[in-house]
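**Q** After the C-alpha cells below, expect a handful of questions from me.
The values are calculated or read from the model by the stated rules, or taken from the named source; none is laboratory data. Bear in mind that the values here come from a model prediction, so they are computed numbers and not experimental data. In this analysis, Cβ positions are derived from the backbone assuming ideal geometry, glycine residues included, and neighbour counts consider all displayed protein chains. Areas reflect the complete protein model, heavy atoms only, side chains present, ligands, DNA and RNA absent. Shrake-Rupley method; radii C 1.70, N 1.55, O 1.52, S 1.80 Å.
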Amino acid sequence: MENVSCKRLFVAIDPPGEIRREIGKWLRPLRAAVGRQARVSWVEPERLHLTIKFLGSTEPGRLPALGAALRELAAALPAFELAIRGAGRFPEGERAPRVLWLGVDDPEGRLARLAEALERQLEPLGFAREKRAFSAHLTIGRVRAGTVRPELLRCGETLRFGNPFDVRELLLYESRTLPSGPVYGVLERFALAQ
Ligand code: 2AM
C-alpha cells in the first residue's frame, strides 16, 4: 500500500487570468451543447493548468532534492512565450473521446525543450521518464459517461484564446483526491531567468 504521507506531484505552467477568463467564456456554450449527452468532469477555468511532467507518488524525503533540481533548471531557462490555440480530444480520431483539451502554440519549441530538460534532470533523482512523447495540452474536461460528438470540438487552428503570454515560472503542484474530485495545490514556485 502507498505510504499515506506520500504526495502525488506534478510540474505545470499556469495560464494567466485573462486567458482563463477567455477560455471560461468559450467553455460556457460548449458545456451547454454537451448538456446531458455525456457526463463530463469539466475543469473550472481557475484550475486549468498545463502539465509538463507528472511525477506521481513521491515520499516527502525526496522533496528537497526535487526542489533543488527544479530551481536550478528554472534559473537557467529564459522566460518564453506560449499561446493557447486549437482544441482536440484523446484518443484522437475516435468517436468516443475521453479527454477534451485545448492546444498549445509553442512556435520556438521552447516548451518541448523544457519538457525534455525536466525528464533528463529528474531521471537521476528516480523519477521515471515518461514513455509517451510529450504532447502539450490543457485538459478542459474528462468524459465519464456517454459520448461528446467530435463535431463540437471541430474548430481547428483558428481558435485562439487571448494573446501569447510569457511563461515566467514553473509550478510544483500536489494533487489530492477528495470525494468531490481532485484538488490541486501549488507547493512551490520556481522563477525562470528574466
Ligand atoms: P491530464 O491533464 O492530461 O489529465 C494531475 O493529474 C495532472 O497530471 C493532470 O493535468 C494530468 O494530465 C497529469 N498527468 C500526466 N500523467 C498522468 C498520470 N499517469 N496520472 C495522472 N495524471 C497524470
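**Q** Taking 2.2 N^0.38 Å as the expected size of a compact globular protein, what ratio does the Cα radius of gyration of the chain give against it, to two decimals?
**A** After normalising by residue count via 2.2 N^0.38 Å, the value is 1.06.
**Q** Here is a follow-up. Provide the per residue accessible area, probe 1.4 Å, for the stretch 65-194, rounded to a whole number of square angstrom.
**A** 54
**Q** Next up: Report the relative contact order of the stretch 7-191, percent, no decimals, based on alpha-carbon pairs under 8 angstrom and at least 6 residues apart.
**A** Dividing the mean separation by the residue count of the stretch 7-191 yields 34 percent.
**Q** Let me ask another. Summing Lys, Arg as +1 and Asp, Glu as -1, what charge do residues with Cβ under 10 Å from the Cβ of Phe127 carry, Phe127 excluded?
**A** 0
**Q** Expressed as a whole percent, how much of the Cα-Cα distance distribution for the stretch 68-130 exceeds 19 Å?
**A** When every Cα pair of the stretch 68-130 is considered, 51 percent fall beyond 19 Å.
**Q** Looking at the stretch 97-194, which GluC sites (Glu not before Pro) are DSSP coil and have at most 15 other C-beta atoms within 10 Å of their C-beta?
**A** Glu108, Glu130
**Q** What is the set of long-range amide H partners of Gly141 at a cut-off below 5 Å, with H atoms built 1.01 Å from backbone N?
**A** Hits under the 5 Å cutoff: Val43, Leu100.
**Q** Sticking with this one: Apply the Karplus curve 6.51 cos²θ - 1.76 cosθ + 1.60, θ = phi - 60°, to the phi angles in the stretch 18-28 and return the couplings in whole Hz, x for Gly and Pro.
**A** 5, 6, 4, 5, 4, 5, x, 5, 5, 5, 3
**Q** ³J(HN,Hα) across the stretch 104-121 via Karplus (A = 6.51, B = -1.76, C = 1.60, θ = phi - 60°), whole Hz, x for Gly/Pro?
**A** Karplus-based 3J(HN,Hα) across the stretch 104-121 equals 10, 9, 10, x, 9, x, 5, 5, 4, 5, 5, 4, 5, 4, 4, 4, 5, 6 Hz.
**Q** Convert each backbone phi in the stretch 43-49 into a coupling constant with the Karplus relation 6.51 cos²θ - 1.76 cosθ + 1.60 (shift: θ = phi - 60°), then list the ³J(HN,Hα) values in order as whole Hz, x for Gly and Pro.
**A** Once rounded to whole Hz, the list reads 8, 5, x, 6, 10, 4, 8.
**Q** Another question, then. Skipping prolines and chain starts, which residues have an amide H placed within reach, meaning under 5 Å, of the one on Phe80, given they are 5 or more residues away or on another chain?
**A** Residues meeting the criterion, in which the H sits 1.01 Å from N, are Val167.
**Q** Taking H as built 1.01 Å from N, whose amide H comes closer than 5 Å to the amide H of Phe127, not counting residues under 5 places away?
**A** Result for Phe127 returns nothing.
**Q** Straight-line reach from Lys131: which lysines have Cα under 22 Å away, leaving out those fewer than 8 places along the same chain?
**A** Lys131 reaches Lys7, Lys53.
**Q** Using only Cα atoms, find the angle between the long axis of helix 63-75 and the longest principal axis of the chain, and express it within 0 to 90 degrees, rounded to the nearest 10.
**A** Rounded to the nearest ten degrees, it is 80.
**Q** Could you tell me what percent of the accessible area of the chain is made up of carbon and sulfur, with a 1.4 Å probe and every protein chain present?
**A** 50
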